[in-house]
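Scroll down for the structure; my scribbles are underneath it.
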Amino acid sequence: MLITIPELLTPEEVAWCRSRLASAAWVDGQTTAGPISAVVKNNRQLDPTSSEATEVGQVVLEALHRNPVFLSAALPLRILPPMFNAYRGGEHFGIHVDNAIRNAPGSATRIRTDVSTTVFFSDPDEYEGGALTVETPFGVQTAKLPAGHAIVYPSTSLHEVTPVTEGERIASFFWTQSMIRDEGERALLFDLDQVIQDLRERHGVEDPQALRLSFVYHNLVRRWAET
Ligand code: NI
């Protein structure tokens, strides 16, 4: 399931992040590719230890922690520091699956990649191509969203970024280990939470049906969550 998060970042945050990213030193994406993805990977990335990556990454992380849709969709246990990539002049990232386990940079902590997120920093009319396409049980789904919007999808998916033939596409991408390992359970909890929020919006926070459903929600989280 692909879940869109509109306006994860405010227009002011997008503008600030874009100006920081514009002055950053981009390096060949091959330097961080594993042996399999190196074959299909053709893009540029920011050095994760650069001040631009750290500072813009912090803005993204703060936005995630205040966003109810992201928290409900990912149910994060740990979020790896956001990384950044850029595509132009035919650059692309062919179809692949991301590594299951990744090390948090500079630490011995390993995380299981359950949820992948892309945050767009370029608007769709600034480049041709460059769609994120994800294979799902219901066919291939495509995302190419306005700057500041994000897309969340299961890291178990095969996915690609199609060639950027005009302009430039800049985005942030990162992985989350979820408290809910199974993507089917995670999707059910997301749907249930959306219904609860909708009931509360329409009938007030003390709506008895919302209360019963939140009893079910929290007890399912108790059964399924790893913390
Ligand atoms: Ni990938």
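Observations
- Residue within the stretch 164-172 that is within 16 Å of the ligand (Cβ to nearest atom), at pLDDT 95 or above and within 11 Å of the chain's Cα centre (by Cα) present: yes
- Against the test of being within 30 Å of D191 (Cβ to Cβ) and hydroxyl-bearing (S, T, Y), the options T49, T31, T4, T54 yield a single qualifying residue, T4.
- Meets criteria (open to solvent by 60 Å² or more (accessible area, probe 1.4 Å), within 13 Å of the ligand (Cβ to nearest atom) and either more than 18 Å from T49 (Cα to Cα) or free of Cβ contacts under 8 Å to residues at least 40 places away in the same chain (or both)) for V115: no
- Residue list for the stretch 62-98, filter: touching a Lys or Arg at 6+ places or on another chain (Cβ under 9 Å), more than 16 Å from the ligand (Cβ to nearest atom) and either in a loop (DSSP other than H, G, I, E, B) or of a type in the set (S, T, N, Q) (or both): L75
- Any hit, the stretch 100-107, residues being more than 16 Å from the ligand (Cβ to nearest atom) and either in contact (Cβ under 8 Å) with a residue 60 or more places away in the chain or acidic (D, E) (or both): no
- Restricting the stretch 4-28 to residues that are open to solvent by 20 Å² or more (accessible area, probe 1.4 Å) and among the β-branched types (V, I, T) leaves a set whose member that is modelled with the lowest pLDDT is V27.
- Residues satisfying the stated conditions in the stretch 53-81, i.e. crowded, with 19+ Cβ neighbours inside 10 Å and closer than 16 Å to V27 by Cα: A53
- For the stretch 139-222, the strands (runs of 3 or more DSSP E) that sit wholly inside it and include 1 or more residues that are exposed (fewer than 15 other Cβ atoms within 10 Å of the Cβ) are 139-143, 164-178.
- With respect to being touching a strand residue (DSSP E or B) at 6+ places or on another chain (Cβ under 6 Å), of a type in the set (A, V, I, L, M, F, W, C) and free of Cβ contacts under 8 Å to residues at least 12 places away in the same chain, V140 fits the description.
The values are calculated or read from the model by the stated rules, or taken from the named source; none is laboratory data. Since we're looking at a predicted model, the values are computed, not measured. We place every Cβ from the backbone using ideal geometry, glycine too, and count neighbours over all the protein chains shown. We work out accessible area using only protein heavy atoms, side chains counted, and drop any ligands, DNA or RNA first. Shrake-Rupley method; radii C 1.70, N 1.55, O 1.52, S 1.80 Å.
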